[in-house]
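Step one of this worksheet: look at the structure below.
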Amino acid sequence: MEKLIISEQDIINAVCIYISRKKQIQPEEVEVELMYDDNYGFSAEAYTYERKQVLITANLIEALRLWLDEYTNKDPLAGIKLLLDDEMGIIAEVN
């Protein structure tokens, strides 16, 4: 089975959709910055109306599951692994 690679921009889009659903706002009203730290792993900061929300890896996976379910034909319960790529930045691999 071929693995699906989700780009950094699509991960950001997924987080925007995820936050917009939780806050009942439009995805365009959310700004997201993805981060990686050797000690803490993957995370993101989401900004809505001057307020910052920190998301941990589990939140990012949950956002990607929502995105997979609604915007692709892929199984949202498939294995998702976040990776740091030298050329592509933060990406996700779906089995």
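The values are calculated or read from the model by the stated rules, or taken from the named source; none is laboratory data. Computed from a predicted structure; not experimentally measured. Here the Cβ is made from the backbone with ideal geometry for all residues, glycine too, and neighbour counts use every protein chain on show.
For region 58-95, the set of residues classified as surrounded by 15 or more Cβ atoms within 10 Å (Cβ to Cβ) and among the polar types (S, T, N, Q) consists of Asn59 only. Residue pairs whose Cβ atoms lie under 6 Å apart, separated by 6 or more positions or on different chains, with the first residue in region 62-78 and over 13 Å from Asp10 (Cα atoms) and the second of a type in the set (Lys, Arg), are Pro76/Arg65. For region 16-49, a residue qualifies if it is more than 19 Å from Gly79 (Cβ to Cβ) and hydrophobic (A, V, I, L, M, F, W, C), and the qualifying residues are Cys16, Ile17, Ile19, Ile25, Val30, Val32, Leu34, Met35, Ala44, Ala46.
Yes/no matrix, rows are residues, columns are (1) among the β-branched types (Val, Ile, Thr); (2) part of a loop (DSSP other than H, G, I, E, B); (3) under 21 Å from Glu93 (Cα atoms); (4) in contact (Cβ under 8 Å) with a residue 60 or more places away in the chain:
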site	(1), (2), (3), (4)
Ala14	no, no, yes, no
Lys22	no, no, no, no
Ile25	yes, yes, no, no
Met35	no, no, yes, no
Ala44	no, no, yes, no
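Within region 12-42, being under 23 Å from Glu70 (Cβ atoms) and among the polar types (S, T, N, Q) holds for Asn13, Ser20, Gln24, Gln26. Any idea which residue in region 1-12 is surrounded by the fewest Cβ atoms within 10 Å (Cβ to Cβ), counting only those that are closer than 14 Å to Val94 by Cα and touching a Leu at 6+ places or on another chain (Cβ under 7 Å)? Filtering region 1-12 for residues that are closer than 14 Å to Val94 by Cα and touching a Leu at 6+ places or on another chain (Cβ under 7 Å), the one surrounded by the fewest Cβ atoms within 10 Å (Cβ to Cβ) comes out as Glu8.
Of the residues making up region 49-89, just one is more than 13 Å from the chain's Cα centre (by Cα), within 13 Å of Tyr18 (Cα to Cα) and at pLDDT 95 or above, namely Gln53.
Of the residues Val54, Val30, only one is farther than 16 Å from Ile6 by Cβ, exposed (fewer than 13 other Cβ atoms within 10 Å of the Cβ) and of a type in the set (A, V, I, L, M, F, W, C); which?
Every option except Val54 fails the conditions.
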